[in-house]
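Q: Structure provided below as structure tokens; questions to follow.
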Amino acid sequence: MESKAKEAEYLGSLKEKLNRSFFILDKPSGPTSHKAAMLVRNLLKIDKVGHGGTLDPKVTGVLVLGLGNAARLLRFLHSDKKYRGVMHLHADVSIENIKKIIDEKYLGKIKQIPPKHSQVKRVEREREIYFFNILSKKDKDVEFEVHCEKGTYIRKLIYDLGSDLYGAHMSKLRRISHGNFSEDLAITLEKLKEAIENKKVEGYLIPIEKALLFLTKIEIKKEFIKKILNGSPIFRNYINKVEISKCENKECNEILESRRLKSEIYFALWHNKQIIGVYRKEKDKFMAEAVLH
């Protein structure tokens, strides 16, 4: 009981940080993404946790979680995904033939119909495959890696590829990155429990200011903050300055710039060194997409 009380006291002292952070869970095989998010919510004793992209129960790996207010900002993160998995062939096919079919039909823009068990409408959709690499082959098991647009069904991708290879199914899958969050940042539920016990949770939190660094910054004048928090549009006279965020090294800045170009419709609203909202550009003003209180 004393240990639980100390944990609750410690997490209470972190309440503001928890409410404005992302957490990268290494989801285990078994629970749904929703269930995994609820397990983290219960461990951290916070009111709300959202996830940034469903993983099938058996699929492991990177599950980006928005804690508290950060859950409202998940949709502004870059959402391309990378996966590593194993495809089991129903007939022995050479690596050369597999690569040939991939190059011809499963790179770039492809068409997919969501699988029957999915919760979205089963109509043909276009998705982009940025790369689809074959890493190794042992008998009929083929290890692969895919970088794709959000909403791509990897199990269906493998099934469709298999239809050109005498049949195949996915036997194993792990998400290794979501946007700029890689599996190196992902923490298991067991490590999270240890971090709570050892009072080291802060080291695993990603503040929203760091996660959204790629968005151009709009700093608001103090006298207009109240209006902004009530969802007011931002007019030019509200703005103190507009600034492009930068890192300390060239490689980081190149990554920021590439991500900024993909998200130039959105801008981060700052006051007192904190993000207080995300706005979109609309003609001569900025309109609220999400405001944090």
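Each value in this text was obtained by applying a stated rule to the coordinates, not by laboratory testing. Bear in mind that the values here come from a model prediction, so they are computed numbers and not experimental data. FYI the Cβ positions are ideal-geometry reconstructions off the backbone, even for glycines, and counts take in every protein chain you see.
Q: Calculate, for residue 141 and residue 243, the FRET efficiency according to 1/(1 + (r/R0)^6) with r their C-beta to C-beta distance and R0 35 Å; round to the nearest 0.05.
A: 0.10
Q: What longest region of the chain stays clear of chymotrypsin sites (Phe, Trp or Tyr not before Pro) that DSSP places outside H, G, I, E and B and that have at most 15 other Cβ atoms within 10 Å?
A: In the chain, the maximal stretch lacking such sites is 1-165.
Q: Using only the C-alpha atoms of the range 212-291, find the volume of their convex hull and express it per residue in Å³.
A: Expressed per residue, the convex hull around the Cα atoms of the range 212-291 is 83 Å³.
Q: When the Karplus curve 6.51 cos²θ - 1.76 cosθ + 1.60 is applied with θ = phi - 60°, which whole-Hz ³J(HN,Hα) does each residue of the range 50-65 get, with x for Gly and Pro?
A: Each residue of the range 50-65 in turn: x, 10, x, x, 5, 10, 4, x, 7, 7, 10, x, 5, 10, 7, 10 Hz.
Q: Show me, for the range 117-125, the HN-Hα J-couplings you get by feeding each phi into the Karplus relation (A = 6.51, B = -1.76, C = 1.60, θ = phi - 60°), rounded to Hz, glycine and proline as x.
A: 7, 6, 9, 9, 4, 8, 10, 5, 10
Q: Let me ask you something else. Per the helix-only calculation at 222 nm, which mean residue ellipticity applies to the chain, given -39500 (n - 2.57) for every DSSP H run of n ≥ 4 and division by its residues, nearest 500 deg cm²/dmol?
A: It comes out at -7500 deg cm²/dmol, rounded to the nearest 500.
Q: At q = 0.21, 0.22, 0.25 Å⁻¹, what base-10 log of I(q)/I(0) does the Debye formula yield for the range 82-166 when every alpha carbon is treated as an equal point scatterer in vacuo?
A: Each listed q maps to, in turn, -1.01, -1.09, -1.35.
Q: Stokes-Einstein at 10 °C, 1.306 mPa s, Kirkwood radius from Cα pairs: D for the range 1-64 in µm² s⁻¹?
A: For these conditions, the coefficient is 125 µm²/s.
Q: Apply the Karplus parameterisation 6.51 cos²θ - 1.76 cosθ + 1.60, with θ equal to phi minus 60°, to every residue of the range 283-288 and state each ³J(HN,Hα) to the nearest whole Hz, in sequence, with x for glycine and proline.
A: 6, 9, 8, 10, 10, 5
Q: With the crude spin-label approximation of a point 7 Å out along Cα→Cβ, what separation in nm comes out for residue 264 versus residue 100?
A: Reported label-point gap for residue 264 and residue 100 is 4.2 nm.
Q: Same structure again: Could you tell me the convex hull volume per residue, in Å³, taken over the Cα atoms of the range 1-155?
A: Hull volume normalised by residue count: 147 Å³.
Q: For labels at residue 78 and residue 112 in the simple 7 Å Cα→Cβ model, what's the distance in nm?
A: Distance between label points: 1.9 nm.
Q: Between residue 250 and residue 226, what is 0.36 nm times their sequence separation minus the Cα-Cα distance? Round to one decimal in nm.
A: Between residue 250 and residue 226, full extension yields 4.9 nm more.
Q: While we're on this one: With a cut-off of at most 14 other beta carbons within 10 Å, and DSSP calling the residue loop, which trypsin sites (Lys or Arg not before Pro) in the range 54-140 qualify? Please list them.
A: 58, 116, 121, 122, 140
Q: A further question follows. Please compute, for the alpha-carbon atoms of the range 210-250, the extent along each of the three principal axes and give them in descending order in Å.
A: Projected onto its principal axes, the Cα set of the range 210-250 covers 37, 19, 14 Å.
Q: Using only the alpha-carbon atoms, what does the range 151-236 span along each of its principal axes? Please give whole angstrom values in decreasing order.
A: Rounded to whole Å, the extents work out to 67, 42, 20 Å.
Q: Further question: Given 0.36 nm per residue, what is the gain on full extension from residue 130 to residue 47 after removing their alpha carbon distance, in nm?
A: Gain on extension, residue 130 to residue 47, equals 26.2 nm.
Q: Right, here's the next one. When all C-alpha to C-alpha distances in the chain are sorted into bins of 10 Å, what percent of pairs does each bin hold, rounded to whole numbers?
A: For the chain, the pair-distance distribution reads 6, 24, 28, 24, 14, 4, 1.
Q: Stick to the Cα atoms of the range 120-187, pair each with every other, and give me the Kirkwood hydrodynamic radius in Å at one decimal.
A: Roughly 13.7 Å, rounded to one decimal.
Q: Please list, or write none, the lysines whose alpha carbon is within less than 21 Å of the alpha carbon of residue 227, excluding same-chain residues fewer than 8 places away.
A: Leaving aside lysines fewer than 8 places away in the same chain, those within reach of residue 227 are 217, 241, 273, 281, 283, 285.
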